[in-house]
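Only the coordinates and a few stated rules stand behind these numbers; no lab work does. Predicted model only: the values in this text are computed from it and were never measured. Neighbour counts are summed over all protein chains in view; Cβ atoms, including those assigned to glycine, are modelled from backbone coordinates with ideal geometry.
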Number of protein chains: 2
Amino acid sequence: MSNKKTHTILDIAQIAGVTPGTVSRALNDSPLVNERTRERILKIAKDLNYTPNMVARRLSVGKTFAIGVIVPFFTRPSISERLSGVVSILSNSPYDLVIHNIENTKQRTIGFQDMLLKSRIDGALIISMPILDEDIAYLQETNIPIVFIDRKHPGLSDFDSIISDDIAGGYKATKHLLDLGHRKIGFIGDITEIYTKPANGTDKELNPFQFTSSKDRYKGYLKALVEADIPSNPNYFSEDNHGHIEAKSMAIKMLRLSDPPTAIFAASDTQAFGVIQAAREMELNVPADLSIVGFDDVQAAEFMELTTIRQMLYRSGQQGVKKLLERISGSNSRSHQINIPTEIIIRKTTAPPNGQVKIAA
Amino acid sequence: MSNKKTHTILDIAQIAGVTPGTVSRALNDSPLVNERTRERILKIAKDLNYTPNMVARRLSVGKTFAIGVIVPFFTRPSISERLSGVVSILSNSPYDLVIHNIENTKQRTIGFQDMLLKSRIDGALIISMPILDEDIAYLQETNIPIVFIDRKHPGLSDFDSIISDDIAGGYKATKHLLDLGHRKIGFIGDITEIYTKPANGTDKELNPFQFTSSKDRYKGYLKALVEADIPSNPNYFSEDNHGHIEAKSMAIKMLRLSDPPTAIFAASDTQAFGVIQAAREMELNVPADLSIVGFDDVQAAEFMELTTIRQMLYRSGQQGVKKLLERISGSNSRSHQINIPTEIIIRKTTAPPNGQVKIAA
DNA sequence: GCTTGAAATACAAGCGTTTGTATTATAGCA
DNA sequence: TGCTATAATACAAACGCTTGTATTTCAAGC
């Protein structure tokens with residue numbers, strides 16, 4: 001590689017016979033510089049192939065021109081769809097997007113501290129991250145704006161957040177099944193696998209974190225059941241770590257019950273796919289023998305013809321950054337919780353139980 | 001928000017009664033500082049809740065501690081799986097990951113110039129980006145290390161690249177179909193939708209870019225056909241922009257031929273899903289009436305039980321950054337092209353044509 | 001012709017680190 | 001005790017830009 005030294009504002013200044021300050025102003029369209037000099041400077045800059053040093057600029061103006069996105073489990077489709085939304089907005093802004101993935105407790109602490117505290121970003125978007133009580137302190141301490149997507153926590157009321165109405169979504173899913181005539185409806189959900197510090201001697205203990213979206217979707221499920229006067233059956237409830245593999249085994253267990261459910265509502269599409277796999281393995285026809293509804297409406301859901309609850313992942317990402325950008329540019333309005341509505345998308349994995357004829361919608 | 005002013009190295013220095021230089025050295029584990037003073041300084045730093053200003057550090061050191069990833073079409077599952085691999089490596093490095101998405105020509109130029117030239121990153125990973133001849137100049141001009149993933153171009157031999165053997169993959173897919181007994185095999189691929197500047201008066205013209213992976217997969221397809229002595233039928237070839245919708249219509253057109261193919265090889269899983277949708281719409285059974293094989297082995301492929309060519313997307317991302325990190329830390333070895341092997345994953349969308357009995361593998 | 005004010009530019013400090021070099025303190029040794 | 005080598009620290013420049021303030025220039029107004 002050639003050792004081409006990059007030019008600085010000073011080089012330009014010398015050639016143009018002005019001071020660096022003037023060059024800076026010329027480059028930044030300041031009205032304080034004469035139109036002719038500006039042109040001259042611009043020409044020289046072009047000839048020199050000048051490219052501004054962003055780092056210097058950042059130090060000088062005291063902004064990083066970067067926004068950080070903190071996500072767990074980058075691999076999940078719902079996360080990357082949300083991310084797409086974020087990216088779409090940021091492409092047309094002067095802000096860089098820096099990503100931090102967090103998959104375990106250690107990374108978690110580092111992630112929070114590093115990103116939030118080391119003045120590397122002007123604002124943070126925290127997506128689908130379980131928030132522990134002990135985190136709240138960090139978050140409050142930081143002066144940079146933060147907005148949450150898909151996360152509720154009582155301590156978070158100071159912050160902006162974008163959430164889907166999970167309870168309503170869970171309700172809609174279950175109601176749909178109920179309307180179809182199902183009475184035995186299983187629920188398969190996930191728990192967050194973040195561990196808290198050993199509280200009192202125990203090695204490590206699972207954090208009974210109460211505000212995961214899965215839990216809320218379950219609440220909606222329950223609500224629909226009581227409304228229909230159906231007692232909830234503990235055998236029809238199961239949760240484990242997120243993933244289609246886990247969901248598959250939960251489903252198999254549930255379907256092997258002596259009195260198995262005729263329908264299953266899964267807390268995410270990924271899990272619903274696991275349930276579909278279980279049905280295949282057990283040679284159950286979907287939807288004839290088993291109805292399945294998911295949650296998210298991930299891209300693959302369409303291919304799988306999965307009935308699911310759409311929650312506009314892409315849009316939630318967009319809304320989130322927009323809000324964050326607002327905050328960064330100094331909006332001082334009270335923090336706000338934006339609710340993104342859900343919608344049921346009926347495809348081909350749901351039908352009336354067994355022999356029953358499907359009633360036209 | 002409280003107006004807590006963040007502390008600097010100078011504050012610590014004053015309290016500790018030393019100079020900023022010493023504090024800096026203490027913080028960076030320099031052996032030039034006495035153990036006792038270091039401890040004192042560390043303590044003060046902790047009490048003060050000191051957090052280093054990365055931007056200042058970057059300016060001083062002359063590194064950005066960030067690596068840029070330039071991707072087109074963030075939404076494609078194959079891209080985000082590659083990205084996951086990148087993220088997994090970068091999580092354990094001091095480097096930030098900044099993402100630039102490029103979806104059109106304008107963003108493209110800006111993206112290249114901004115990222116590469118404005119000293120915002122120490123190195124770049126360019127994934128699945130069509131490279132135009134005119135780009136090469138920029139790329140060579142930049143002094144920062146670049147590695148390409150999934151992109152070939154004759155002008156790119158100066159750079160490192162990670163590629164899958166698309167030709168071999170296409171060959172494997174087609175051979176599988178051939179072995180099953182198919183003789184009428186369609187190919188559905190994509191073209192890149194990057195437009196070049198109007199060359200001579202024309203409004204804009206599609207760049208006949210020759211090195212997309214789809215093209216190479218087609219080459220492999222062709223190779224298998226000639227080997228089997230089957231003349232290629234132009235009606236069985238179709239390409240359009242990438243996407244399942246486009247693939248679906250191409251497939252429908254192809255399947256409406258008076259003598260339609262009994263199998264279709266799609267250049268990506270997404271496109272294969274489109275073909276599956278077409279089959280559904282035309283009430284064709286897969287694989288009985290139509291065999292389908294995709295390419296990529298995206299996560300959804302498993303759920304869809306799609307026979308496909310696996311190309312280890314995640315791993316390609318990992319390899320890419322690793323190589324880049326090497327370069328950044330100064331490896332001067334000659335540029336290298338790493339080939340990632342492909343592998344056929346036989347699932348349930350392929351079978352012998354029509355009545356024929358499937359031969360056990 | 002002198003004053004006044006606006007316009008354009010120069011000057012210089014500042015952003016928070018790092019790092020090469022100079023300086024001081026300390027211990028070892030003859 | 002004086003000298004030297006070494007360890008520890010101080011000093012100061014540098015990274016490349018921005019921006020508040022001071023200075024100069026020049027034309028308009030009286």
Could you tell me the number of lysine pairs in segment B:166-311 with C-alpha atoms less than 14 Å from each other, where the two lysines are 8 or more residues apart or belong to different chains?
6
From the label point of A:Asn233, set 7 Å from Cα along Cα→Cβ, how far away are the matching label points in the other copies, in nm, ordered shortest to longest?
5.2
If we count other beta carbons within 10 Å of each Cβ, what is the order of A:His153, B:His336, fewest first?
B:His336, A:His153
Which order do the peptides B:268-277, A:34-43 come out in when sorted by mean C-beta neighbours inside 10 angstrom, highest first?
B:268-277, A:34-43
Label-point separation, B:Gln140 to B:Asn28 (7 Å along Cα→Cβ), nm
3.6 nm
Per residue of A:240-248, count partner chain C-beta atoms within 10 Å of its C-beta, then hand back the mean as an integer.
0
Amide H neighbours of B:Asp96 under 5 Å, counting only residues 5+ apart in sequence or on other chains, H built in-plane at 1.01 Å?
B:Ala66, B:Ile67
Return the long-range amide H neighbours of A:Ile121 (sequence gap of 5 or more, or a different chain), with a cut-off of under 5 Å between placed amide H atoms.
none
Counting other chain Cβ atoms within 10 Å of each Cβ in A:81-91 and taking the mean gives 4
Each residue of A:71-78 has, on average, a number of other protein chain C-beta atoms within 10 Å of its C-beta equal to 4
Antiparallel bridge percentage (DSSP; both residues within segment B:166-311; nearest 5)
10 percent
Take the Cα gyration tensor of segment B:222-302, multiply each eigenvalue by 5, square-root it, and list the three semi-axes largest first, rounded to whole angstrom.
19, 16, 13
Along the Cα→Cβ direction, 7 angstrom out, place labels at B:Asn235 and A:Ser157. What is the inter-label distance in nm?
7.0 nm
Counting other C-beta atoms within 10 Å, which of B:Asp259, A:Asp150, B:Asp135 has the fewest, and how do the rest follow?
B:Asp259, B:Asp135, A:Asp150
For chain A, find the longest principal axis of its Cα atoms and tell me its angle to the long axis of helix A:35-48, 0 to 90°, nearest 10.
70 degrees
From the Cα gyration tensor of chain B, with a ≥ b ≥ c the square roots of its eigenvalues, which class applies: rounded if a/c is under 1.5, or else prolate if a/b is larger than b/c, or else oblate?
prolate
Classify the protein assembly as shown from the C-alpha gyration tensor, please: rounded if a/c falls under 1.5, else prolate or oblate depending on whether a/b exceeds b/c.
oblate
Given axes a ≥ b ≥ c from the Cα gyration tensor, I'd like to know whether segment A:166-311 is rounded (a/c under 1.5), prolate (a/b larger than b/c) or oblate.
prolate
In nm to one decimal, list the spacings between the A:Leu48 label point and its equivalents in the other copies, with label points set 7 Å along Cα to Cβ, shortest first.
3.6
Karplus 3J(HN,Hα) series, Hz, for segment A:300-313 with 6.51 cos²θ - 1.76 cosθ + 1.60 (x for Gly, Pro):
5, 4, 5, 4, 7, 6, 7, 6, 7, 9, 7, 10, 6, 4
How much of the DSSP bridge set in chain A is antiparallel, in percent, rounded to the nearest 5?
10 percent
Structure-based [θ]222 nm, chain A - -39500 (n - 2.57) summed over DSSP H runs of at least 4, per residue, nearest 500
-12000 deg cm²/dmol
Quick note on B:Val33, B:Val147, A:Val226, ordering by fewest other C-beta atoms within 10 Å, gives A:Val226, B:Val33, B:Val147
So for the protein assembly as shown: antiparallel DSSP bridges make up what percent, rounded to the nearest 5?
15 percent
Show me B:305-317, B:289-301 ranked by packing, highest mean number of other Cβ atoms within 10 Å first.
B:289-301, B:305-317
For B:Asn143, enumerate residues with amide H under 5 Å from its amide H, sequence gap 5+ or separate chain, H modeled in the peptide plane.
none
Across the identical copies, how the A:Asn34 labels are spaced - nm, sorted shortest first, 7 Å along Cα→Cβ
5.9
Using θ = phi - 60° and the Karplus curve 6.51 cos²θ - 1.76 cosθ + 1.60, what whole-Hz ³J(HN,Hα) does each residue of segment B:130-137 get, with Gly and Pro shown as x?
x, 10, 8, 3, 5, 6, 3, 3
Förster-model FRET efficiency, 51 Å R0, A:Ser93 and B:Asn332, C-beta, rounded to 0.05
0.85
Karplus-derived HN-Hα couplings along segment A:161-175 (A = 6.51, B = -1.76, C = 1.60, θ = phi - 60°), whole Hz, x at Gly and Pro:
8, 10, 9, 8, 7, 5, 4, 4, x, x, 5, 4, 4, 5, 4
